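The values are calculated or read from the model by the stated rules, or taken from the named source; none is laboratory data. If you're wondering where the values come from, they're calculated on a predicted model, not measured in any experiment. Glycine gets a Cβ as well: all are built from the backbone with ideal geometry, and neighbour counts include every protein chain shown.
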Amino acid sequence: MKNIVGENIRRLRLKAGLTQEEVALRSGLSQGYINQLESGKRRFTQKTLELIADALSVPMVELFKEEVTRQVPVVTMEVKRYTTRHPSKKEFLSLLNELPEHIVEHYLLLLKMERKVSRERL
């Protein structure tokens, strides 16, 4: 059984650049509880989801959306490390953050293919 709510909490938390502790402080819940929700080890209540949605500044319905891909937060974290070294990539990252996740995944696939082709040329 999928842990859609927990995965969405983690995805939205990472997208907001928050730690579990920060979400816990904002929501009044414990960090352990947030961790258990994200990992699917604990059940949620309507009240706790309201608190978490408020802490993440998203409508509660966002916690229930099932999406095709879950890789965007990881991609975002990998790409962020280049921001400080290559200021010209800031605009690229800004554009990525504004696109829907399925479009970002498409471009990620294209970039991986380009990288593979360029390595084969060497």
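Of note:
- Residues of segment 17-57 satisfying the condition of being farther than 18 Å from I4 by Cβ and β-branched (V, I, T): T19
- Candidates L25, L49 - the one that is touching a residue at least 40 places away in the same chain (Cβ under 8 Å) and in a helix (DSSP H, G or I): L49
Each row is one residue, and each column tells you yes or no for (1) surrounded by 16 or more Cβ atoms within 10 Å (Cβ to Cβ); (2) at pLDDT 95 or above; (3) β-branched (V, I, T).
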residue	(1), (2), (3)
V23	yes, yes, yes
L29	yes, yes, no
Y33	yes, yes, no
G40	no, no, no
Q46	no, no, no
V61	no, no, yes
K65	no, no, no
Q71	no, no, no
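- Subset of segment 95-108 (residues that are of a type outside the set (S, T, Y) and either surrounded by 10 or more Cβ atoms within 10 Å (Cβ to Cβ) or over 17 Å from E67 (Cβ atoms) (or both)): L95, L96, N97, L99, P100, E101, H102, I103, V104, E105, H106, L108
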